[in-house]
1. Can you find, within region 177-202, the residue that is farthest from Met220 (Cα to Cα) among those that are more than 15 Å from the ligand (Cβ to nearest atom), surrounded by fewer than 17 Cβ atoms within 10 Å (Cβ to Cβ) and within 23 Å of the chain's Cα centre (by Cα)?
2. Output the number of residues of region 87-112 satisfying the condition of being without any contact (Cβ under 8 Å) to a residue 12 or more places away in the chain and more than 11 Å from the ligand (Cβ to nearest atom).
3. Could you please find all residues in region 274-291 being part of a helix (DSSP H, G or I) and within 11 Å of the ligand (Cβ to nearest atom)?
4. I'm trying to understand the selection: among the residues of region 48-68, which are near the ligand (Cβ under 10 Å from one of its atoms) and either of a type outside the set (Ser, Thr, Tyr) or part of a loop (DSSP other than H, G, I, E, B) (or both)?
5. Can you find a residue that is within 17 Å of the chain's Cα centre (by Cα) and either free of Cβ contacts under 8 Å to residues at least 40 places away in the same chain or not in a helix (DSSP H, G or I) (or both) anywhere in region 226-239?
6. Consider region 1-47. How many of its residues are outside any loop (DSSP other than H, G, I, E, B), out of contact with any strand residue (DSSP E or B) (no Cβ under 6 Å at 6 or more places or on another chain) and β-branched (Val, Ile, Thr)?
7. May I ask you to say which residue of Ser432, Ser406 is outside any strand (DSSP E or B) and out of contact with any strand residue (DSSP E or B) (no Cβ under 9 Å at 6 or more places or on another chain)?
Amino acid sequence: MTDNAPNSGILERIRTRQARVGVIGLGYVGLPLAVEFASQGFDVTGFDVDHSKTSQINAGRSYIPDVPSATLSAAVLAGKLRGTLDMSQLGEMDAIDICVPTPLRKTRDPDLSYIILAVEAVAATLRRGQLIILESTTYPGTTDEVVQPMLEAKGLKADVDFFLAFSPERVDPGNQSYTTRNIPKIVGGVGPASTEAASALYATTVDRVVSVSSTRVAEMVKLLENTFRAVNIGLVNEIALMCNKMDIGVWEVIDAAKTKPFGFMPFYPGPGLGGHCIPIDPFYLSWKARQNGFECRFIELAGHVNASMPQYVVERVAAALNTVRKPINGSRIHLFGVAYKRDVNDMRESPALDVLELLHKGGAELSYSDPFVPELRHNGRMLRSADLATALEPPPDCGVICTDHSLFDYDAIVKSGTLLVDTRNALKTYQSPTIFRL
Ligand SMILES: NC(=O)c1ccc[n+]([C@@H]2O[C@H](COP(=O)([O-])OP(=O)(O)OC[C@H]3O[C@@H](n4cnc5c(N)ncnc54)[C@H](O)[C@@H]3O)[C@@H](O)[C@H]2O)c1
């Protein structure tokens with residue numbers, strides 16, 4: 001674009017790092033992003049409605065495992081990053097990234113209320129030249145059907161007076177190999193000036209920006225990625241149930257299949273889906289598809305299989321206890337790991353909660369260990385994580401590895417001789433009649 005193009009001002013401010021960047025929603029997505037922008041030399045303000053988050057940021061303390069406190073506090077001490085509850089400061093920002101939650105309602109319909117509140121706050125102080133980017137995962141059409149009219153309500157025009165884009169967040173919490181910098185960023189604007197401005201901003205923090213032709217394409221990319229995972233996990237979970245019936249070890253099958261150098265990608269069975277994305281995002285897509293008279297059969301079927309996995313884990317526990325003539329009722333059952341995946345503290349939608357509930361209903365005496373989750377509310381009472389020595393002395397009647405944290409001492413767990421149901425293949429290298437794999 002030329003010097004008098006509508007976006008030349010924001011492009012120049014990004015290039016010279018003079019752009020002030022605001023990030024709304026300082027959770028698993030927003031905080032790493034804010035720190036990354038600050039480390040690239042931008043002046044960053046993080047906005048949240050949660051006082052404990054903004055005050056921890058201002059004290060230089062991180063509450064997200066992927067963000068080291070040292071990195072956060074260096075940015076805060078250098079005056080490059082601060083947290084605030086004061087949304088009126090949004091008008092001072094040149095670029096604003098919206099990273100608020102997008103949960104489902106009880107009816108499994110999208111809950112856009114967080115996006116709407118955040119966009120209302122942006123609209124209240126919107127001014128010429130600002131770049132607004134939505135990062136929250138949502139259905140195709142949210143940016144141009146919902147966000148754009150709210151921002152244009154006072155007369156400013158998108159792609160001319162201000163710039164608006166959607167850029168899905170692809171962060172994988174706990175992944176050491178792929179982080180904000182080396183995960184390519186998809187960007188789709190409401191017009192070319194918006195795409196260019198948003199791409200320029202991300203090009204400062206990520207190695208590769210992939211621009212697409214519209215906000216709807218960018219929104220759909222994210223939902224395709226997460227639906228692809230949900231459906232493939234559903235498939236491999238069904239294969240695991242099938243293999244069990246045929247007395248075939250599913251893990252060995254997957255390990256062998258993945259030696260094929262093309263046309264196969266390994267997915268692994270487990271106790272069920274967890275986290276804020278994979279169990280939820282496909283239903284954003286099926287909701288939008290229904291509005292257009294289309295039924296997403298793959299999504300529904302995968303959801304059905306994946307939701308049945310906690311019950312299957314309980315069946316494996318019953319089978320394990322059966323070998324020593326014990327019922328679930330009255331047995332002491334210990335869960336190793338309750339977070340939704342390895343080495344994170346995130347409990348959202350964790351399948352361990354369903355496993356706990358089903359075992360509780362079956363009359364088990366329950367306890368758990370999780371180095372990332374010190375306490376857990378279950379059925380109105382607080383459970384506290386037991387250290388491994390306490391958990392194994394005396395050994396429980398049965399242990400269930402729900403999350404394969406790398407901090408667990410698997411040697412000690414196996415040596416305790418307790419019956420073990422391993423839902424993650426964490427005990428791959430161990431052979432013992434006390435181990436029951438998924
Ligand atoms: N966690 C992930 O791994 C991940 C990965 C990719 C995409 N996403 C998507 O990113 C979005 C954010 O997810 P997250 O995991 O960071 O959520 P989160 O719950 O960890 O953080 C969201 C933050 O937004 C704040 N917030 C809520 N309403 C607000 C408002 N009106 N104004 C300011 N702040 C507000 C909350 O207090 C919270 O701190 C979601 O759409 C999610 O689907 C998440």
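1. Checked region 177-202; the qualifying residue farthest from Met220 (Cα to Cα) is Ser177.
2. Adding up the residues that qualify gives 3.
3. The initial filter retains those residues of region 274-291 that are part of a helix (DSSP H, G or I), namely 281-291.
Correct list: Asp281, Tyr284.
4. The first filter runs over region 48-68 and keeps only residues near the ligand (Cβ under 10 Å from one of its atoms), leaving 48-54, 63-64, 66.
Hits for region 48-68 are Asp48, Val49, Asp50, His51, Lys53, Tyr63, Ile64, Asp66.
5. Checked region 226-239: at least one residue is within 17 Å of the chain's Cα centre (by Cα) and either free of Cβ contacts under 8 Å to residues at least 40 places away in the same chain or not in a helix (DSSP H, G or I) (or both).
6. Number of matching residues: 2.
7. Ser406
To keep it simple, each residue is scored yes or no on (1) part of a strand (DSSP E or B); (2) in contact with a strand residue (DSSP E or B) (Cβ under 7 Å, 6 or more places away or on another chain).
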{"residue": "Leu90", "(1), (2)": "no, yes"}
{"residue": "Asp97", "(1), (2)": "yes, yes"}
{"residue": "Arg108", "(1), (2)": "no, no"}
{"residue": "Tyr114", "(1), (2)": "no, no"}
{"residue": "Ala118", "(1), (2)": "no, yes"}
{"residue": "Val122", "(1), (2)": "no, yes"}
{"residue": "Ile132", "(1), (2)": "yes, yes"}
{"residue": "Tyr139", "(1), (2)": "no, yes"}
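Since every read-out is calculated from the coordinates, none of them should be taken as a lab result. Computed from a predicted structure; not experimentally measured. For neighbour counting, all protein chains shown are included, and Cβ atoms are generated from backbone atoms with ideal geometry for every residue, glycine included.
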